[in-house]
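A.B. asks: Dumping the structure here so I can ask a few things about it.
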Amino acid sequence: MPASASFTRVPTQRELQQDLLLAAALLVGGIISAGLSTVARVYGDEQAPMWTALVSVAAVSAPLAVRRRWPAAVAIVVALVFFVSVTLHVPEMYVLNIAMFVAFYTVGAWMPNRRAAMIVRVAIIIGMFVWLVVAMYREAIEQAAEAGVAAGLFSPYVAVMMLQLLLNVLYFGGAYYFGERSWHAAAQRHALEERTRELEREREVTAAQAVALDRVRLARELHDVVAHHVSVMGVQAGAARLVFDQDPQRAREMLAGIEEGSREATREFRQLLETLRAPGDAVDEAASTFGVDDIAQLVAASTEAGLPTEHHVIGDPVLVPPTVGVNLYRIAQEALTNARRHAGAGASADVRVRYEPDAVELEVVNTGRPVGPVRPGLGQLGMRERAHASGGAIELQPRAEGGFRVRATLPLSAAKESVR
């Protein structure tokens, strides 16, 4: 499986401690089994002394303490001890069989090199069955000669040999199967854990991006509100100061404009805060009530603030998506604010909204003093971000005869879908 290609199974400290306990338990059980087997004389007169059983038990139990660290070496040592012990008729068979099964299983479950794991297990199986066939057939011939029975295909001894052969097939086949299952299950868990960690990292990145986007959106909104209203109030305050002595009535009108501008700024701030407090997906720039139709109010406010501004609508108006309307309004607002700041005395502006079959175009042109090399600021950055957020394009460039031009073109495909 793909997940196991680069997967390495590393035993934990608890698993290594469990191996020590397993080795100790098999050693104790092997000593008891060796004593009982010696008393029972399981091999009859050909049985080896009891001390050989104790040595065999120790030789197969001790390696199991490090079976997960060096599975191949442990399996080979246990297999050799098993072969020698059975050949010499060592009086112990239960712990030897258990140790052989565990060592064989461990190769399949823990050896990282899967090709080497297969070679080790196949080699042990071939060696085991060659040894088993030779040893059992030799014993069958000897038993048949002593009993005066011809050894053949239907000899009772051959039948016993075949039965033991089938049992060993199940024995090693089961160890092979469960070892593979354990390895692949661990590899799948590892792949799942990696995927979980990857998803967690992606979630953290997405959350960080969402926070960054919200900060940019908030900064853009605050800039648009503050820059526009403060600019208008600053111009009106300056003009009121100049005419305060000569024309008190005009000064009062300008101060009233400042008051109205401050109220409008407060209203927009409150609306922005309510939008930010809205739960979940309710936080959207489209929550603003401003749209393309409100650009006329911007034009009027600009004229009152001392920058004569004309407003023209070209083409047949169509339904504009709320987000597109907000972005067009804010672009026009920023363009007029910049014109009041930099155009100089005697300047004027012209705002045109042009409806095309698949888009709406906003053009804000102001006269005034020549503009040098454009140094992008927060205002221009905000206008570009708004145009791109709606899938449109924007041009920001000074005019050769003086002044500045802002032209934004935003698609209206969403509008047509809304009308239908």
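A.B. asks: For residues that are more than 60 Å from the chain's Cα centre (by Cα) and part of a helix (DSSP H, G or I), scanning just segment 37-50, find the one that is nearest to Val81 (Cα to Cα).
C.D. replies: Within segment 37-50, the match that is nearest to Val81 (Cα to Cα) is Met50.
A.B. asks: Then there is this: Specify the residue that is modelled with the highest pLDDT; the eligible residues are those in segment 280-291 that are surrounded by 15 or more Cβ atoms within 10 Å (Cβ to Cβ) and over 37 Å from the mean Cα position of the chain (by Cα).
C.D. replies: Gly291
A.B. asks: Quick check on Arg330: is it assigned by TED's automatic domain parsing to the domain that holds Ala387, under 30 Å from Ala210 (Cβ atoms) and modelled with pLDDT under 90?
C.D. replies: yes
A.B. asks: Filter segment 32-54 down to residues that are buried (at least 18 other Cβ atoms within 10 Å of the Cβ) and without any contact (Cβ under 8 Å) to a residue 40 or more places away in the chain and give me whichever is farthest from Val95 (Cα to Cα).
C.D. replies: Looking at residues that are buried (at least 18 other Cβ atoms within 10 Å of the Cβ) and without any contact (Cβ under 8 Å) to a residue 40 or more places away in the chain, I get Thr52.
A.B. asks: Additional query: Anything in segment 59-105 that is of a type in the set (Gly, Ala, Ser) and either surrounded by fewer than 18 Cβ atoms within 10 Å (Cβ to Cβ) or farther than 21 Å from Gly174 by Cβ (or both)? List them, or say none. Let's see the steps before the verdict.
C.D. replies: First, pick out the residues of segment 59-105 that are of a type in the set (Gly, Ala, Ser): 59, 61-62, 65, 72-73, 75, 79, 85, 99, 103.
Ala59, Ser61, Ala62, Ala65, Ala73, Ser85, listed by residue number.
A.B. asks: Might you check whether a residue that is modelled with pLDDT under 65, under 30 Å from Val81 (Cβ atoms) and hydroxyl-bearing (Ser, Thr, Tyr) occurs anywhere in segment 166-183?
C.D. replies: no
A.B. asks: Of all the residues that make up segment 292-308, how many are under 20 Å from Tyr355 (Cβ atoms) and surrounded by 15 or more Cβ atoms within 10 Å (Cβ to Cβ)?
C.D. replies: Selection size over segment 292-308: 5.
A.B. asks: With the checklist (1) surrounded by 14 or more Cβ atoms within 10 Å (Cβ to Cβ); (2) of a type in the set (Phe, Trp, Tyr); (3) assigned to a helix (DSSP H, G or I) in hand, flag the one item Phe7 doesn't pass.
C.D. replies: Unmet for Phe7, out of (1) surrounded by 14 or more Cβ atoms within 10 Å (Cβ to Cβ); (2) of a type in the set (Phe, Trp, Tyr); (3) assigned to a helix (DSSP H, G or I): (3).
Matching residues to (1) hydroxyl-bearing (Ser, Thr, Tyr); (2) more than 19 Å from Arg386 (Cα to Cα); (3) at pLDDT 75 or above:
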residue	(1), (2), (3)
Val211	no, no, no
Arg217	no, no, no
Glu221	no, no, no
Val232	no, yes, no
Ala240	no, yes, yes
Phe244	no, yes, yes
Leu255	no, yes, yes
Ala265	no, yes, no
Thr275	yes, no, no
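A.B. asks: Select, from Val39, Val77, Val81, the only residue that is assigned by TED's automatic domain parsing to the domain that holds Glu180 and modelled with pLDDT under 90.
C.D. replies: Val39
A.B. asks: Within segment 115-126, how many residues are surrounded by fewer than 17 Cβ atoms within 10 Å (Cβ to Cβ) and either over 19 Å from Ala185 (Cα atoms) or in contact (Cβ under 8 Å) with a residue 40 or more places away in the chain (or both)?
C.D. replies: 5
A.B. asks: On to the next question. Taking only segment 311-340 into account, find how many residues are closer than 20 Å to Gly257 by Cβ and part of a strand (DSSP E or B).
C.D. replies: Residues that pass the stated criteria total 1.
So that you can scan it fast, the table gives a plain yes or no per residue for (1) part of a helix (DSSP H, G or I); (2) more than 30 Å from Ile119 (Cβ to Cβ); (3) of a type in the set (Val, Ile, Thr):
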residue: Glu180; (1), (2), (3): yes, no, no
residue: Trp183; (1), (2), (3): yes, no, no
residue: Arg197; (1), (2), (3): yes, yes, no
residue: Glu204; (1), (2), (3): yes, yes, no
residue: Ala207; (1), (2), (3): yes, yes, no
residue: Val211; (1), (2), (3): yes, yes, yes
residue: Val216; (1), (2), (3): yes, yes, yes
residue: Glu221; (1), (2), (3): yes, yes, no
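The values are calculated or read from the model by the stated rules, or taken from the named source; none is laboratory data. Predicted model, so just to flag it, every value in this text is computed and none were measured. Cβ atoms come from the backbone with ideal geometry, glycine included; neighbour counts cover every protein chain shown.
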